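Any read-out appearing in this document is the output of simple, stated calculations on the displayed coordinates, not a laboratory observation. Small disclaimer: the values here were computed from a predicted structure and weren't measured. Ideal geometry is used to build each Cβ from the backbone, glycine not excepted, and the neighbour counts take in all protein chains shown.
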Amino acid sequence: GKLKEDTVQGILDLALPYIAPSTSGNVLTSNGSAWTSAAAPGGAWEFVEKQTASSSTTITFSHTIEAGYDYVISAHSIKNSVDVADGSAHVAQYGTGAGPTFVTATYKSNGARQDTTVFDAMVGTVTTGFQWHVKGTIGGAGAGELWHGEMLIYNPASNERTYAQTHMVAGNSAGTPQPVGHWSVSLHNTAAVVTALRVVATTGNFTTGNFILYRRVQA
């Protein structure tokens with residue numbers, strides 16, 4: 001009855017003291033006799049958010065970017081509706097302010113691609129965002145034409161130039177896919193306090209797959 005419930009709750013209150021909510025992303029730590037809230041240790045990646053593509057031209061994360069964190073956008077099993085060719089790479093873009101207002105121009109990029117025995121580069125042709133794909137054709141409507149990748153964005157809310165680096169792999173629709181590796185570096189040359197991130201399909205759409213956002217405290 002009620003007496004029994006009160007007794008159990010009293011025991012729990014003694015065993016598990018109440019700790020008021022603290023800063024988002026903090027963890028519980030112990031000094032041997034008490035629990036407290038503290039920032040997560042540096043170096044550990046923390047899951048933030050997952051967005052699933054469904055014939056999407058734009059994937060926008062709802063998370064508000066916070067200062068003092070590096071961020072990673074992880075792309076898993078992304079299916080494109082059409083081939084993505086040279087000079088039309090899918091991109092990530094950053095936003096500023098409460099709106100947010102997304103920046104869609106004047107990014108700079110360099111990249112390289114390794115495809116079996118072919119090694120080549122593409123310099124400065126993608127200006128609409130931080131580039132995913134470097135050179136050659138990836139994705140498309142064929143079965144099994146998927147790509148995976150990660151984009152690391154360094155402390156985007158720091159009110160400095162925003163830098164990103166990306167690696168990705170893609171395969172064709174053959175029974176034994178031929179892997180393609182892409183590596184790129186990008187920046188936006190204007191100091192900004194970034195508040196939002198999104199991924200944009202510059203041709204066709206993201207038919208299926210997941211974009212997952214992680215963060216890592218710098219302290």
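Rounded to the nearest Å, what's the spacing between the alpha carbon centres of the stretch 135-172 and the stretch 97-120? Just the number, please.
Distance between centres, Cα-based: 8 Å.
Name the long-range amide H neighbours of residue 129: under 5 Å, sequence gap of 5 or more, or other chain; modelled H, no Pro or chain starts.
107
Fully extended, how many nm does the chain gain between residue 34 and residue 183 (0.36 nm per residue separation, minus their Cα-Cα distance)?
Taking 0.36 nm per residue and subtracting the Cα distance, the gain is 49.0 nm.
Which distance in nm do the two modelled labels at residue 159 and residue 50 give, with both placed 7 Å along the Cα-to-Cβ direction?
3.7 nm
Given the Cα-Cα distance of residue 174 and residue 114 and 0.36 nm per residue of separation, how much length would full extension add, in nm?
Fully extending the segment from residue 174 to residue 114 adds 19.8 nm.
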